[in-house]
Structure formats: structure tokens, C-alpha cells
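Q: One structure, pasted below without further comment.
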Amino acid sequence: MKRKDLIKDLVKGGCYLNIRSAKISDVNRINTLISSYAERDRMLFRSMADIYENLQTFTVAEADGGVVGCCALEIIWSDLAEIKSLAVDDANKDKGIGKMLVNAALEQAGRLGVPRVFALTLEPDFFEKLGFKVVEKETLPMKVWSDCARCPKQKNCDEIAVIKSKLK
Ligand SMILES: CC(C)(COP(=O)(O)OP(=O)(O)OC[C@H]1O[C@@H](n2cnc3c(N)ncnc32)[C@H](O)[C@@H]1OP(=O)(O)O)[C@@H](O)C(=O)NCCC(=O)NCCS
């Protein structure tokens with residue numbers, strides 16, 4: 001078995017990876033993870049204050065005692081939630097962790113009774129592999145655009161909207 005497949009099996013078998021709700025003690029690490037990609041223009045920065053305020057929306061992936069990935073699920077409206085701030089650290093990419101974090105967010109949305117989950121992303125192929133469909137950004141409700149006000153790209157937005165429906 002290839003090393004990559006072995007790690008995937010370990011991850012899938014839950015041998016050393018723990019997907020759990022975020023805690024106060026994770027905030028620094030979440031901030032570092034997000035900032036490492038935001039500095040490369042791959043996602044939006046989240047301040048410490050913003051992460052504390054929205055900590056209950058965050059799920060983290062923990063491996064060998066350290067947080068290696070994070071993902072937030074924010075409710076937008078009665079029928080729509082957003083996956084935000086999905087990040088897996090460089091050293092742990094391609095081990096199935098991103099997929100597990102997204103699946104955890106989808107399960108959470110299903111439990112809450114929210115039938116559709118979308119993301120704005122520069123990685124649409126990753127989301128398509130998980131059953132999301134690319135849609136025109138303009139089809140999403142106006143409430144989605146509150147983050148745009150603090151985004152440096154604003155009118156030059158290069159993010160692609162992906163959505164997954166019928167979660168109930
Ligand atoms: C995108 C990201 C979350 C993927 O996480 P990951 O843990 O490396 O992905 P996984 O190992 O779970 O991959 C699941 C599947 O998607 C594929 N995949 C991973 N990244 C991909 C990408 N960028 N494009 C296309 N497919 C991708 C994997 O090959 C795997 O396919 P398989 O099931 O057929 O083997 C991670 O690369 C990341 O943090 N990127 C930077 C931040 C970012 O862009 N986040 C999204 C913002 S919404």
C-alpha cells in the first residue's frame with residue numbers, strides 16, 4: 001500500500017485524527033492557520049476578535065494533539081448556510097482532512113435542518129469532488145455579501161460559488 005493510501009486509511013479509521021468543536025484554547029492556532037493562507041491571498045483574514053465571537057461555528061481537526069485544520073459553518077438564513085475559513089495546514093494536505101471537515105459541516109447543517117450549504121472558494125474542484133455544484137455568485141442572496149465590505153478584493157472578486165443542496 002502506498003504511504004498516501006496508508007495515511008488516508010488511518011485518517012478514515014480515526015486512528016489519530018479527531019474532528020471536534022473548537023475550544024477557546026484553539027483560537028490562536030485557528031488564527032495562524034487562516035492567516036497562513038490569507039497572507040497568500042487564498043482566503044479572507046479573520047481577526048482574533050472575529051474568531052472568538054464566532055468560535056461556536058468552528059470545527060477543528062486535531063492530529064497527535066495539535067490542530068491541523070479548521071472549518072466554520074455559519075447560518076445565513078432558514079435554508080442556507082456557508083462554509084467559511086476552511087484550512088488544512090500545508091504539512092497535512094491530501095490526507096482526507098479537508099474532506100472530513102467539510103463532511104462534518106454538512107452533517108451539522110443537516111442536523112440543524114438547513115438544506116443548502118455554499119462556499120465562496122478558489123478551490124472549486126475540491127468542492128466539486130465532494131458533490132458541490134458551481135453556481136453564479138449572483139444567485140446567492142444579498143445577505144451573503146456582508147463579508148465583501150471588508151475584503152480587499154471587493155469588485156475584483158475571483159472567488160467561485162459552490163453549493164450543495166438537499167441535505168435534509
Ligand atoms: C482545499 C483544502 C481545504 C483541501 O484540503 P485537503 O485536506 O488537502 O483535501 P483532502 O485530502 O480532504 O482531499 C479530498 C479530495 O479532494 C482532492 N483535492 C484536494 N485539494 C484539491 C484541490 N485543490 N483541487 C482539486 N481536488 C483537490 C483530493 O485529491 C481528494 O480526492 P480523492 O478523494 O479523489 O483522493 C486545502 O488544500 C486548503 O486548506 N487549501 C487552502 C485554503 C483554501 O483554499 N480553503 C478553501 C476556502 S473555502
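Q: Between Lys137 and Ile75, what's the calculated FRET efficiency when r is the beta-carbon distance and R0 is 22 Å? Round to 0.05.
A: Working: r = 19 Å, r/R0 = 0.87.
Result of the calculation: an efficiency of 0.70.
Q: Run the helix sum for the chain: -39,500 (n - 2.57) per DSSP H stretch of 4+ residues, divided by residue count, reported at 222 nm to the nearest 500 deg cm²/dmol. Provide the component values of the computation, followed by the final result.
A: Working: 5 runs with 50 residues, N = 168.
Helices in the chain give a 222 nm mean residue ellipticity of -8500 deg cm²/dmol.
Q: Expected output is a single nm value to one decimal: the length gained when fully extending between Lys153 and Leu130, i.e. 0.36 nm times separation in residues minus the C-alpha distance. What is it? Show your work: numbers first, answer last.
A: Working: separation 23, 0.36 × 23 = 8.28 nm, distance 2.69 nm.
In short, 5.6 nm is gained.
Q: Angle check, please: helix 97-112 long axis (alpha carbons) against the longest principal axis of the chain (alpha carbons), in degrees 0 to 90, nearest 10.
A: So the inclination is approximately 60 degrees.
Q: Oh, and also: For Cα pairs less than 8 Å apart in space and 6+ apart in sequence, what is the mean separation divided by the residue count of the stretch 3-164, i.e. the relative contact order in percent?
A: Working: 238 pairs, mean separation 31.1, N = 162.
19 percent.
Q: If you line up the long axis of helix 3-12 against the longest principal axis of the chain, both from Cα atoms, how many degrees apart are they, to the nearest 10?
A: So the helix axis and the longest Cα principal axis differ by about 70 degrees.
Q: Averaging the inverse of every distinct alpha carbon separation and then flipping it gives the Kirkwood radius. What is it for the stretch 3-164, in angstrom units?
A: 16.2
Q: Dipole magnitude of the stretch 3-164 about its Cα centre, charges +1 at Lys/Arg Cβ and -1 at Asp/Glu Cβ only, in debye to the nearest 20?
A: Values: 24 positive and 24 negative charges, 42 e Å.
Roughly 200 debye, rounded to the nearest 20.
Q: I need the GluC sites (Glu not before Pro) found in the stretch 92-168, filtered to DSSP loop residues with at most 11 other beta carbons within 10 Å of theirs. Show your work: numbers first, answer last.
A: Numbers: sites: Glu107, Glu128, Glu136, Glu138, Glu159; in loops: Glu136, Glu159.
Taking the stretch 92-168 and a limit of 11 other Cβ atoms within 10 Å, the loop GluC sites (Glu not before Pro) found are Glu136.
Q: While we're on this one: In the chain, if the dipole is taken from +1 on Lys/Arg beta carbons and -1 on Asp/Glu beta carbons about the Cα centre, which of Met142, Met100, Cys71 is farthest to the positive end?
A: Final value for the positive-end residue is Met100.
Q: Convex hull over the Cα atoms of the stretch 102-168, averaged projected area in nm²?
A: It is 4.8 nm².
Q: Choose one of Gly110, Thr59, Ile24: the residue whose Cα lies farthest towards the positive end of the charge dipole of the chain (beta-carbon charges +1 Lys, Arg; -1 Asp, Glu; about the Cα centre).
A: Gly110
Q: Another question, if that's okay. Rounded to two decimals, what is the ratio between the C-alpha radius of gyration of the stretch 27-96 and 2.2 N^0.38 Å?
A: Details: Rg = 12.2 Å, N = 70, 2.2 N^0.38 = 11.1 Å.
That ratio works out to 1.10.
All of the numbers you see were taken from the coordinates with simple rules; none came from a lab. As the structure is a computational prediction, the values presented were derived from the model and not from experiment. All Cβ positions, even for glycine, are placed from backbone atoms using ideal geometry, and neighbour counts span all protein chains on display.
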